[in-house]
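I have placed the structure first, in the form of structure tokens, so that the comments after it can refer back to it.
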Amino acid sequence: MRRLLHEMNPSMKFLAVTGCILALAFFFNPWTPLLFFSGVVLLQVLFSQTNWKLWSLAMLPFLIGAFGYFWTTLVFGQPGEGPVLWTIGTISITAQQWELAWSLSLRVLAFSSISLLFAFTTKPVHFIQSLMQQWKLSPKLAFSVLISYQFLPVFKTEFEQLQQAHRIRGTGAGSSPLKRLTALRRLLIPMLAGAVRKAERAAFAMEARAFTGEARSHYAEIKIGPKDYVLFCLFSLVLTLSCSAIFWA
Amino acid sequence: MPVRNPILQLDGFSFRFPESVEPTLRDISLAIHEKERVVITGPSGCGKSTLLYVLNRLYPHNCDGEVSGSVRLFGRSAQEYAPGEANRKIATVFQDPDSQFCMPTVEEELAFTLENLQVPREEMPQRIDQILHLTGLGSFRHGVIQTFSGGMKQRIATACALIMEPECLLLDEPLAHLDPLTAKEFVAWLSLLQQETGLAVVAVEHKLELWSSFFDREISLSENGAIQQDQAFTERGAPSLPKRVSAIRQEVLFEAVGISVSKASKALLQNISLPLRSGEVTVIAGPNGSGKSTLLKVLCGILKADKGTISGMRAGFVPQSPEQLFLSKSVEEELAYSGNPSPDTLHYLMKALDLKTIAHAHPFSVSHGQKRRVAIGAMLADGRQVLLLDEPTAGQDQQALAELYRQIESRAQDGCALAVVTHDMNFASSIADTVHLMKDGILSGPHQPEELFSNSALLAEYRLHMPKKGDIYAPAFA
């Protein structure tokens, strides 16, 4: 049970997540995103093995963003109509404004929770493989994504090495942020040159192993099974329940 | 010798890149036969790698090169093959272990090859098992490729090539990024594989001493891209360099005492002390990952030491790719970048390092040897008379090594102190005044080169090999 979301077909999951996000965009009451957020977290608690510490850390910037929306809507937003709830100094907050502020900030949380659910339960390689098998994504495109994913750690080391080498020439460390920014620009060209060289080598290596971008067989077959439909319905249920808030809230 | 069929055949083949005036390959005629082990040699830039890419049909397809003459692969003209078709029979292993993989694990990477060949899914597990068994990589099946060493990556790349069941294996300087012992282990492993599979092997290589008697035939190209010689291969030692006359002076320019560095509670360097005297050339050797590069970076102040003191002159650092240091648009500006040198010093350095002719060239566009001279010049111009060179010998051909040797020699005569990290024990034995060995972050030494290079047990402990002196101009016929 605790692996269900990890094992869900990535393309189906992606479809469910995108569908939810699109649907939520049309609901402006604060209850729908709140319910949806709780529902998503509940799903993730029940059906996944999430590192919640890491999750909280990833959630933090969104939380700050949500608070920002809340605050700016209250302080700078159109006062709107309706009764004034309370007044702080020169700022008076109306009921309409209060609701709008909650709605905006909770939407941020709803969108980020479902995106994080996807990110935390999906391996990039499986996602790409699934896109290739279920949605006929072109192998050329799919493998360029996969290979760039492999290059990330390589680029990180290269970036560090360049930075270290430039430090001995007296750029970077200890100087003003502006100077550090111009130093970063100097890293750009060698990094790009390195990337082009690496990309060419990788392309050669792939072609030398008979990769042509044509049809191919698949070692890791990624299927859609009954369990994927059940999970898809579960997502839809959470979405429907939270959307129904417009009738009773 | 039994009659062998030619599998790859070039006839009067010439090749010119669209952007260059002169052809890269001129009038090449050769035939590679079944089960043959051939090495292609020649100076840097003579077109060895281009020739290899013609043999596996990556060229002229991918570069719009201008071609004359014919290429026949397995009796068919290369033009008749569909893209990727020829690569099923002719597999290739490349030089850079970091840019030939596209999947995370060994198993998935092997499967990638099979998927390209459209092998039915049911057959795949069996073929993967087979190749893992053949190559002895069974226990690494689920290993993450990016976490492996360079030597391991080259073995995996070879396995990924062999799983196609090719008839010919091409290798493009496969040892360039490996330390000598790892390289020799790779060659021995490859030799067994070749015997078992009966492949033809064609390699581009200039470090022939690492291959001992692996090859049976050598095709050497001349500088202008024509075949110079096509003959039986003879085993040889490394090109010999003269023993340098020491220029040590008594003055200690630089001294590090008790340096320790740890990262994430893992000790990278432990209690290292290293004095460098004026005119002294110190070689630091040891296996990959032993902390040599980290040490150099600490000595020149790029990284901070947790413990220990560094005194004396500031040290300059020349990385394996010297262009990593460059910040300016011309060689002249590069030397003047620090703003310290007087016009006289600058003038002297430009002359001493033979940079006058390229003063206005972009530092990224000059040759590798010139780049290194520019980097050394930039360090000296910044008043760093202690030079730390990280792996300057890696991937260098004979001519480049000779130039490096002269460069180090004249800097030592000028009174600089030099520390050189290298795997090349032949080079080390001719250039070093003092040798330090490094393993697991611990530095041992100073060793006297004469004593050290006759102590094979100590060398083996540090994954180094004895220097094998030989003369390329008089190969020993066994």
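Values for this structure:
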quantity	calculated
Index of the failed condition, A:Ala210 passing every other in (1) of a type in the set (A, V, I, L, M); (2) assigned to a helix (DSSP H, G or I); (3) in contact with a Lys or Arg (Cβ under 8 Å, 6 or more places away or on another chain)	(2)
Subset tally (residues that are within 13 Å of another protein chain (Cβ to nearest Cβ) and in contact (Cβ under 8 Å) with a residue 60 or more places away in the chain) for region B:62-99	11
Members of region B:316-372 found to be within 14 Å of chain A (Cβ to nearest Cβ), of a type in the set (A, V, I, L, M) and in a loop (DSSP other than H, G, I, E, B), listed by number	B:Leu327
Total residues in region B:42-54, condition buried (at least 18 other Cβ atoms within 10 Å of the Cβ) and either part of a loop (DSSP other than H, G, I, E, B) or more than 11 Å from chain A (Cβ to nearest Cβ) (or both)	7
The lone exception for B:Ser262 - which of (1) assigned to a strand (DSSP E or B); (2) under 20 Å from B:Pro446 (Cβ atoms); (3) not aliphatic (A, V, I, L, M) it fails	(2)
Test: residue in region B:87-103 that is of a type in the set (Asp, Glu) and closer than 21 Å to A:Val125 by Cα	yes
Residue within region B:147-157 that is at the interface with another protein chain (Cβ under 10 Å from one of its Cβ atoms), part of a helix (DSSP H, G or I), of a type in the set (S, T, N, Q) and out of contact with any Phe, Trp or Tyr (no Cβ under 8 Å at 6 or more places or on another chain) present	yes
Filter result for the condition that a residue is more than 10 Å from chain B (Cβ to nearest Cβ) and among the hydrophobic types (A, V, I, L, M, F, W, C), over A:Phe143, A:Phe159	A:Phe159
Unique residue being more than 30 Å from B:Lys329 (Cβ to Cβ) and more than 8 Å from chain B (Cβ to nearest Cβ) when the list is A:Leu192, A:Leu231	A:Leu231
Test result for B:Pro120, farther than 29 Å from A:Thr157 by Cβ, facing chain A (nearest Cβ under 8 Å) and not acidic (Asp, Glu)	yes
Any hit, region B:68-90, residues being touching a His at 6+ places or on another chain (Cβ under 9 Å), in a loop (DSSP other than H, G, I, E, B), among the charged types (D, E, K, R) and surrounded by 18 or more Cβ atoms within 10 Å (Cβ to Cβ)	no
Sole exception among (1) modelled with pLDDT of 90 or more; (2) out of contact with any helix residue (DSSP H, G or I) (no Cβ under 8 Å at 6 or more places or on another chain); (3) closer than 13 Å to B:Val283 by Cβ for B:Gly445, by number	(1)
Region B:199-236 - residue that is under 23 Å from B:Ala91 (Cβ atoms) and small (Gly, Ala, Ser) and, of those, surrounded by the fewest Cβ atoms within 10 Å (Cβ to Cβ)	B:Ala200
Criterion violated by B:Glu209 - all others in (1) within 14 Å of another protein chain (Cβ to nearest Cβ); (2) of a type outside the set (S, T, N, Q); (3) touching a Gly at 6+ places or on another chain (Cβ under 7 Å); (4) in a helix (DSSP H, G or I) satisfied	(1)
Region B:1-41, residues that are basic (Lys, Arg) and part of a strand (DSSP E or B)	B:Arg16, B:Arg26, B:Arg37
Whichever residue in region B:176-194 is at pLDDT 90 or above and touching a Phe, Trp or Tyr at 6+ places or on another chain (Cβ under 8 Å) and, among such residues, is surrounded by the fewest Cβ atoms within 10 Å (Cβ to Cβ)	B:Ser191
Set A:Phe204, A:Phe235: member being in a helix (DSSP H, G or I), outside the structural domain of A:Leu22 (by TED's automatic domain parsing) and of a type in the set (A, V, I, L, M, F, W, C)	A:Phe204
Residue check for A:Gly213: more than 30 Å from B:Val318 (Cα to Cα) and either more than 9 Å from every other protein chain (Cβ to nearest Cβ) or surrounded by fewer than 20 Cβ atoms within 10 Å (Cβ to Cβ) (or both)	yes
Enumerated helices (runs of 4 or more DSSP H) restricted to region A:1-54, each holding at least 1 residues that are of a type in the set (Val, Ile, Thr) and surrounded by fewer than 19 Cβ atoms within 10 Å (Cβ to Cβ)	A:10-24, A:31-47
Region A:168-183, residues that are at pLDDT 75 or above and either in contact with a helix residue (DSSP H, G or I) (Cβ under 9 Å, 6 or more places away or on another chain) or within 9 Å of chain B (Cβ to nearest Cβ) (or both)	A:Ile168, A:Arg169, A:Gly170
Selection count, region B:108-122, where residues are surrounded by 18 or more Cβ atoms within 10 Å (Cβ to Cβ) and either free of Cβ contacts under 8 Å to residues at least 12 places away in the same chain or not in a helix (DSSP H, G or I) (or both)	4
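Conditions (1) closer than 26 Å to A:Arg167 by Cα; (2) of a type outside the set (Val, Ile, Thr); (3) touching a Ser or Thr at 6+ places or on another chain (Cβ under 9 Å), marked per residue:
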| position | (1), (2), (3) |
| --- | --- |
| B:Gly225 | no, yes, yes |
| B:Phe233 | no, yes, yes |
| B:Pro239 | no, yes, no |
| B:Ala256 | yes, yes, yes |
| B:Ala267 | yes, yes, yes |
| B:Gly291 | yes, yes, no |
| B:Cys300 | yes, yes, no |
| B:Gly308 | yes, yes, yes |
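This table checks each residue for (1) farther than 18 Å from A:Trp102 by Cβ; (2) at pLDDT 95 or above.
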| residue | (1), (2) |
| --- | --- |
| A:Cys20 | yes, yes |
| A:Ala25 | no, no |
| A:Asn29 | no, no |
| A:Phe36 | no, yes |
| A:Gly39 | no, yes |
| A:Thr50 | yes, no |
| A:Leu54 | yes, yes |
| A:Ala58 | yes, yes |
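The values are calculated or read from the model by the stated rules, or taken from the named source; none is laboratory data. All figures in this text were calculated on a predicted structure; none of them were measured in a lab. So basically every Cβ, Gly included, is an ideal-geometry build from the backbone, and we count neighbours across all protein chains shown.
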